[in-house]
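Right, one structure below, let's go through it.
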Amino acid sequence: MSDTAMTRREWLLTDRPQSRMQARLGRAYLTWRRFTANRLAVVGLAIILALLFVAAFAPLLAPYSPYIGDLKNARLMTPGAAYWLGTDDQGRDILSRLIYGSRLTLQVVVLVAVIAAPIGLLVGTVSGYAGGWVDAVLMRITDIFLAFPKLVLALAFVAALGPGIENAIIAIALTSWPPYARIARAETLTVRSSDYISAVKLMGASPMRIVLRHIMPLCISSLIVRVTLDMAGIILTAAGLGFLGLGAQPPLPEWGAMIASGRRFILDQWWVAAAPGAAILIVSLGFNLLGDGLRDALDPRSGGQ
Amino acid sequence: MTAALKIDKLRVVYDDFVALKDVNLTVNTGESFGLVGESGSGKSTLLRAVAGLAPVSGGTIDVNGKRLGRTRDKAFYRQVQMVFQDPYGSLHPRQTVDRLLLEPLAIHGFADTEKRILRALDEVGLGSSFRFRYSHQLSGGQRQRVAIARALILEPSILLLDEPTSALDASVQAEVLNLLEQVRRDRKLTFVMVSHDLGVITHMCERLMVMQNGQEVERLEAGDLATRNVAQDYTRNLLVASEGFVRGA
Amino acid sequence: MSAMLHVEDLRVDFPTRTGMVQAVRGVSFSLGQERLGIVGESGSGKSQTGRAIMGLTPEHANISAKRLEFSGIDLLKVSPAQRRELRGNRIAMILQDPKYSLDPVMTIGRQIVETLRTHEKVSKAEAREKALDMLAAVQIRDPRRVFALYPHEVSGGMGQRAMIAMMLIAGPELLIADEPTSALDVTVQLDILRILDRLVIDRGMGLIFISHDLRLVSTFCDRVIVMYAGRIVEELKASELSQARHPYTQGLLNCMPRIGADRHPLPVLDRKPEWLL
């Protein structure tokens, strides 16, 4: 048999990788296979990808403007051929508002994750590795932040700084990082006394190097899972703030604010509140399924390896 | 000629527990010295104290003539390295062999890392095909070889070995012991080796110390064990136990 | 002496991502009221053989045999209720690390009492007395004190003794010991073996001793089976170990460093591919 090129699958699954890239890709491929073995997880991923797609191509997908409505003719229309999800009390197409609102949802979720997760990771790993008074001080600070329910702190913040989606994001991020710090600290405590960390100490690695290059990579999986699962809660908190009028301000098509304004018509024109409600439901579900799937895929201990 | 390792009245206390009680020890350069004992004897604690991984509350440690303080500096790690017992716990689960071997080189600022990594793998009998594997893709014996390669890549003169083969199958143990002997010969290393297995210790070491409850029981030459020339009852018990079960006794 | 256990062509397969792993490939032996040692290195299939007899093979594995019979009962076709009836009562298993096989949230005494009351109709007081007797039988000097302790409060050797007491209290006929002394210090190992020796003789039990330590097994057992890659490569009387014929057994015996034998380098096992067939 002549040396035919390996199939891509063989190349990824080989037990003799020839380069760093091949080893990493092979490992990622195995994780992907574990992930896709779970149907619901794939559904979750599909929902989130759909969200990304809608947000990215909003101007192309939305049939009407989300801000300007036809007040004269199209107030509170029932869902039909012209307006697929009907219109709200200002004659704006609900479908278009939902589509543009996806951008706001995504903005909130991504920014909160990007702010809160690194803070939590850093605080948790440093706290767990250093121990002693550093650990005590950092954990007390974490406890202080944990004591505030998201909504209450957000209210306080917004009262101080004024309503708006940026302030809402900051407020939510500030209440989201403590659980991540807890998770990172727990993982750090588990691995701190293991031989491979001792071995790296014995090479002369500084504590910062150990934390950054050796301990943090071990915490990342748990953190990714937790952040993904939290996203549903973040969306709901943002929606809650929007509902209270403290998040995105009109005329921004934030889904929570849409529910708030649709409240008045819930009996006769139920679709005005129900449509954004359903959108929140679907996206939260998507994140939950994705998070569950990631947890199973990233935890190498499950399944017959 | 200065001794490679000189320990004087070493005392290690963990909270309330005294792990080492005033232990004295001298290991000559180029020698292979064994520490034997059961669990709780303090043999591993002694190695860890030398490595700077255990809290010293009394006594002194001198390495190659230099007195060690509370912490260890980078120069120390170029002289002394350690091989741990558990092959499944001593390699980072998320790093490839290549990355594991690169780390010490990166910390100490070596330039020709590619060449050194290949040479290290070659020295422990692992081909370059192992270079990008993760530790869970290696057998116990292969992992221990990687651990040895990692310990040797900084070119130390003293190697601390904490039960390096007790977690391995008998046939793999023989291979790893042979490798260690060869490495010691080639690089003229000083070994301080801990084991609970008298057979392994007498095979690898010239002199040995028996420990119990954090203290020295007896000091012997390897040949003394073979001729049963032992003074203490505890040592005699260990010898008898290592011979296996006697039925009807 | 009729055999209490018959194993014929036992096979255990595990499905994995990369295909079927054949852990046990056609193992056959019988056991009477004697001591049989099963020796092998990791991956030889010795533990899976023991677990197959006990019915502890993982759910997703495939197990098959021409014959897997204990005292006339077909172990492959037995119902879960019958299996529970057998376990502890007629077949018992001791594992390597008592840390993982004793329930950490129950006192030692209570676990032993529960095991007994699962199989015999005795009152609590009677069960307690029997448990204390059993703890004394495994040479625990202060049975009453140990009765009230939790597993994490005792040393490894004592924990192992407690596990032996718990497994033997219902009076099984067959004991499977899977590396019972590997996690213990060498002097403690001998104590445990002496206890097992005494109990096996007194109760007339059959014993399967699974271990990686060929020499230990040969001193403790009557017969020895050597396994490699899921198959039996040699079966011999323990006393005739030095006359082993298979190169794997010889290699295994030779590669261990011994006090007094000065061989540098140590003879290394030359694994021949034909052993895998």
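Each value in this text was obtained by applying a stated rule to the coordinates, not by laboratory testing. Every value quoted in this text rests on a predicted model; they were computed, and no experiment measured them. Cβ: placed from backbone, ideal geometry, glycine included. Neighbour counts: every protein chain shown.
Figures for the structure shown
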| item | result |
| --- | --- |
| Cα-based convex hull volume of region A:1-75 per residue, rounded to whole Å³ | 181 Å³ |
| Two-decimal log10 I(q)/I(0) for region A:180-305, as the Debye equation yields it once each C-alpha is a single scatterer, q = 0.10, 0.20 Å⁻¹ | -0.52, -1.06 |
| Distance from region C:153-208 to region C:1-70 (C-alpha centre basis), Å | 22 Å |
| Average beta-carbon neighbours from other chains, 10 Å sphere, peptide B:90-97 | 6 |
| Among A:A147, A:A113, A:A184: highest mean-square fluctuation, GNM of chain A, C-alpha pairs under 10 Å | A:A147 |
| Long-range amide H partners of B:A19 with built H, under 5 Å | B:V12, B:V13, B:Y14 |
| Hz values of 3J(HN,Hα) by residue in region B:79-84 - Karplus curve (6.51, -1.76, 1.60), Gly and Pro given as x | 9, 10, 9, 10, 10, 8 |
| Contact order relative to length of region C:47-118, as percent, for alpha carbon pairs under 8 angstrom and 6 or more apart | 22 percent |
| Convex hull (Cα only) mean projected area of region C:118-277, reported in nm² to one decimal | 12.4 nm² |
| Pairwise Cα inverse-distance average, inverted: Kirkwood Rh of region B:194-249 (Å) | 11.8 Å |
| Sequence-distant residues sharing a close amide H with B:T190 (under 5 Å, placed H) | B:G30, B:I158, B:L159 |
| Intensity falloff of chain B expressed as log10 I(q)/I(0), Debye formula with alpha-carbon point scatterers, at q = 0.11, 0.16, 0.17 Å⁻¹ | -0.60, -1.22, -1.35 |
| DSSP bridge orientation in chain B - percent antiparallel, rounded to nearest 5 | 55 percent |
| P(r), alpha carbons of region B:70-123 - 10 Å bins starting at zero, rounded % | 19, 48, 31, 2 |
| Relative contact order (%) - chain A, alpha-carbon pairs under 8 angstrom, separation at least six | 23 percent |
| Region C:35-90: GluC sites (Glu not before Pro) falling in loop per DSSP and having at most 10 other Cβ within 10 Å | C:E59 |
| Tail beyond 26 Å, pair distance distribution of region B:129-249 (Cα, percent) | 32 percent |
| Cα gyration tensor category, rounded, prolate or oblate, for the protein assembly as shown with a/c compared to 1.5 | prolate |
| Listed residue pairs exceeding 22 Å between alpha carbons, taken from C:K66/C:K272; B:K9/B:K66; B:K9/B:K188; B:K9/B:K74; A:K201/B:K9 | C:K66/C:K272; B:K9/B:K188; B:K9/B:K74; A:K201/B:K9 |
| Sequence-separation-based contact order of chain C, relative, with Cα cut under 8 Å and 6+ spacing, percent | 24 percent |
| D_trans [Stokes-Einstein, Kirkwood Rh over alpha-carbon pairs] for region B:4-113, 10 °C, 1.306 mPa s, µm² s⁻¹ | 101 µm²/s |
| Sequence of B:H196, C:H152, B:H108, B:H203 once ranked by neighbouring C-beta atoms within 10 Å, starting from the fewest | C:H152, B:H108, B:H196, B:H203 |
| Subset of B:K43/C:K130; C:K99/C:K121; C:K46/C:K121 violating a 32 Å alpha-carbon distance limit | B:K43/C:K130; C:K46/C:K121 |
| Choice from A:A232, A:A248, A:A56 showing the highest fluctuation, given a GNM over chain A with Cα pairs closer than 10 Å | A:A56 |
| log10 of Debye I(q)/I(0), alpha-carbon scatterers only, for chain C at 0.14 Å⁻¹ | -1.05 |
| Whole-Å distance, taken between Cα centres, linking region B:144-164 and region A:17-74 | 48 Å |
| For region A:113-258, alpha-carbon Rg over 2.2 N^0.38 Å | 1.23 |
| Zero-based 5 Å bins, Cα pair distances in region C:66-164, whole percents | 2, 13, 21, 20, 18, 12, 8, 5, 1, 0 |
| Gyration tensor (alpha-carbon) shape descriptor, region B:64-210, a/c threshold 1.5 | oblate |
| Beta bridge orientation in the protein assembly as shown: antiparallel %, DSSP, nearest 5 | 55 percent |
| Cα centroid separation, region A:209-271 to region B:92-139 (Å) | 44 Å |
| Residue-by-residue Karplus 3J(HN,Hα) for region A:234-240, coefficients 6.51, -1.76, 1.60, Hz, glycine and proline x | 5, 4, 5, 5, 4, 5, x |
| ³J(HN,Hα), Karplus 6.51/-1.76/1.60, whole Hz, each residue of region C:77-91, x for Gly, Pro | 9, 6, 7, x, 5, 5, 5, 5, 5, 6, 5, x, 7, 10, 10 |
| Normalised convex hull volume, chain A, alpha-carbon set, Å³ per residue | 185 Å³ |
| Distant-in-sequence amide H partners of B:V83 (H built 1.01 Å from N, under 5 Å) | B:L160, B:L161, B:D162 |
| Averaged over C:197-204, number of beta-carbon atoms from partner chains that fall within 10 Å | 1 |
| Selected from A:Y196, A:Y64, A:Y180 as most flexible by GNM, with chain A as the system and alpha-carbon contacts under 10 Å | A:Y196 |
| Stokes-Einstein D for region A:1-142, Kirkwood Rh over Cα pairs, 20 °C, 1.002 mPa s (µm²/s) | 104 µm²/s |
| Ordering of C:6-18, C:167-179 by burial proxy (mean other Cβ atoms within 10 Å per residue, highest first) | C:167-179, C:6-18 |
